[in-house]
Structures are given as structure tokens and as C-alpha cells.
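Working notes for the structure below.
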Amino acid sequence: MAFNSWQEIIWMDGYGFYVWLSFGVSILAVGLLVVHGLLTRKTLARMAVQEQQRQQRLARRKQQERSRSKSTNDSTS
Amino acid sequence: MWKWLHPYAKGEATFRLLGAWLPWLSGLALILVSVGLVWGLFYAPPDYQQGDSYRIIFIHVPAAMFSMGAYTGMAIAALIALVWQIRTAEWAIAAIAPVGAVLTFVALFTGAVWGKPMWGTWWEWDARLTSELILLFLYIGVLALYYAFNDARTGAKAAAILSLVGVVNVPIIHFSVYWWNSLHQGATITKFSKPSMPPEMLIPLLISIAGFLFLTAALITQRLRNEILKQELHRPWAMQQLGVEANNGVQ
């Protein structure tokens, strides 16, 4: 250990402000990047639900169209 | 010979491979960065000239190294994307650029905060600092180009070209302290002669560098996995991965 007390650690021989500022901002910057990545994953999960609903709508419409064309075919025959 | 590589041009295979790596990469990153920084901050002896201010080196040097390393990786991905038209490589550009930009910002910021007490100024337009600032602008430019087009592939191609052109900046950053007179000190460890640092400082620095290597890899892996999911969102495997049942089979 290069220091004897908490005061010395914070003071850092007079350079405490610079050392702690650079460590703090760096950790914050990387932390924000990680959080942004996790939030993106959440947004993607929400988009997946929308995509699922879209695909369901499409499938339903296709089914309706098929049954409608079937009924028109039945009436003409 | 290269046939084993072919499946990874597909998004899903790469996604699964990266998923297997991610816990190891982030675990090693967390352990090594913590050990390196705690050792450097509290246990390494103070510098005989710079006192305790030199402790900034344990973040500054690794961040600067991998700001350049990530750019080189991005340029390689860009080359693969342009020559072989592999989409995973295009997505890698979008995954690497934000990570590289943050590392570059960290290197510039810690450099400025270190420069103030040592050189008496936050900033100086000298070769090393200016070329590193240009690296930040290159990263931002690549990102801006990537997302600037309605057609994602056009954007990826434009971003890839800028990545490749900008790679000329990487050796300029590295050799700037030799080619021009600079306030910045010369290389401490990346030179062929013996490193000019005692082992009590060098060992925590090397641990921190190893930690930043894994940190960079883990951050890129996280973002590349997101990018693959985003691009393949309409495919059943991606929807299942995001916890949603795909309906492609339903008629």
C-alpha cells in the first residue's frame, strides 16, 4: 500500500482531483456504454413483440382472404 | 481450408458463438481491470517525478492502445465487408465504432486531466493529441455514415470505405511522438528495448492492459449481438431469442 490513510488516498499528494476525475469519468463512460447496450436489447425485445403481432395480422388476413375466395368460388360453381 | 469459417457469415451462428464467449470475456475483463486499477491506484509506488498524478496511466495507456486496436479491427471488418460482401462484417463496423469512440474519448479525457498538472495545460495542438482527436472524429463519422442512409447496406458500404481510408491515421498516432516534437512523452512499453518502467508499476499496467483487451472484446461482442438481432429481427430464430414465438409457419 502506497498510502497510510483515507485522507492520503483522497488527497493523492495534491493530485487527487485529477486522478479521481479521470478514473470517475472513465468508469462512467464505459458504464454508460454497457447500459446503452442492455437498453438496446430491451428495445429489440419490444420490437420483436411488434414483429410478432405484424406476422399474426398478416397470417390472419391471408386466412380471411382464402376463406373469402373459397366462398366466392363456391357461389359461382 | 477456410470452410469452417463459412457458417459464421450467417447471423445466427455468429450470434451463438459470441453468446458462448461473452461471459468469459466480461468475467475476465471485470477481474483484470479491477485488479489492475486497484493495484495501480493504491499499491503501486508513486513516480519519482510525477508523484501520484501518474496513476492516470493505468487507464490512459490501455484506453489509448485499444482505441487504436479497435480501429484496426474495424478497418479489417470493413475490408472483409467490401471485398467479400459479408453482412456480419458490415454489422461489426457498427458494433466496433461506438466502443472505439468511447475508448478514444477516455484516452483524450484522461490525457487532458493528466496534462493539466504535468504540462500546465488541458490541451495542446500537438501531433499526438491532434491525431487522437482525429481518431474520435473518424469513429463518429463512420457511425454517422452507417446510419445516414435509408438503405442499410449503402450506409454500411459508405462507413466501410471511411473506415479503410481512416486507418492511415493509426500509424500516424503511434509514431507521432517520434516524427514531430511533442509535449507527449515517448513510448514506455511498446518499444523494442527494455521497458522504461520498474516492475512494481509495469505489472499492474500490463494487467490493466490485458483487462482492457477483454473489456473491449466484451463490449464489441455485446453490441455485435444486438446488431445481429436487430438485422435479423424478422427471422424466427431471432424472435425466439428475444422471447417471442415466431408465426412464420402459421397459415
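Are any of the residues in region A:24-32 of a type in the set (S, T, N, Q), under 30 Å from B:Ala95 (Cβ atoms) and at the interface with chain B (Cβ under 7 Å from one of its Cβ atoms)?
yes
With the structure loaded, tell me whether B:Ile76 is closer than 24 Å to B:Phe212 by Cα, free of Cβ contacts under 8 Å to residues at least 12 places away in the same chain and not small (Gly, Ala, Ser) or whether it fails that test.
yes
Out of the residues in region B:70-129 that are outside any helix (DSSP H, G or I) and among the charged types (D, E, K, R), which is farthest from the other protein chains (Cβ to nearest Cβ)?
B:Asp126
Any idea which residue in region B:216-251 is surrounded by the fewest Cβ atoms within 10 Å (Cβ to Cβ), counting only those that are modelled with pLDDT of 85 or more and acidic (Asp, Glu)?
B:Glu232
Please state which one of A:Gln63, A:Gln53 is more than 28 Å from B:Gln49 (Cβ to Cβ), within 9 Å of chain B (Cβ to nearest Cβ), polar (S, T, N, Q) and within 38 Å of the chain's Cα centre (by Cα).
Of the residues listed, the single one that is more than 28 Å from B:Gln49 (Cβ to Cβ), within 9 Å of chain B (Cβ to nearest Cβ), polar (S, T, N, Q) and within 38 Å of the chain's Cα centre (by Cα) is A:Gln63.
Taking the condition of being more than 11 Å from B:Ile96 (Cα to Cα), small (Gly, Ala, Ser) and either assigned to a helix (DSSP H, G or I) or touching a residue at least 60 places away in the same chain (Cβ under 8 Å) (or both), how many residues in region B:193-217 meet it?
Counting residues in region B:193-217 that are more than 11 Å from B:Ile96 (Cα to Cα), small (Gly, Ala, Ser) and either assigned to a helix (DSSP H, G or I) or touching a residue at least 60 places away in the same chain (Cβ under 8 Å) (or both) gives 3.
Kindly check whether there is at least one residue in region B:131-138 that is touching a His at 6+ places or on another chain (Cβ under 6 Å) and under 27 Å from A:Gly24 (Cβ atoms).
No, the conditions are met nowhere in region B:131-138.
Can you say whether B:Ala64 is in a helix (DSSP H, G or I) and either of a type in the set (Val, Ile, Thr) or more than 19 Å from B:Ser176 (Cα to Cα) (or both), as far as the supplied structure shows?
no
Select from region B:19-35 the residues that are surrounded by 19 or more Cβ atoms within 10 Å (Cβ to Cβ) and either more than 12 Å from chain A (Cβ to nearest Cβ) or more than 19 Å from the chain's Cα centre (by Cα) (or both) and list them in ascending order.
B:Leu25, B:Leu32
All but one of (1) surrounded by fewer than 18 Cβ atoms within 10 Å (Cβ to Cβ); (2) under 21 Å from B:Lys230 (Cα atoms); (3) touching a residue at least 40 places away in the same chain (Cβ under 8 Å) hold for B:Ala81; state the number of the condition that does not hold.
(1)
The values are calculated or read from the model by the stated rules, or taken from the named source; none is laboratory data. Please read these numbers as outputs of a predicted model, since none were measured by experiment. Note that each Cβ is placed from the backbone with ideal geometry, even for glycine, and that neighbours are counted across all protein chains shown.
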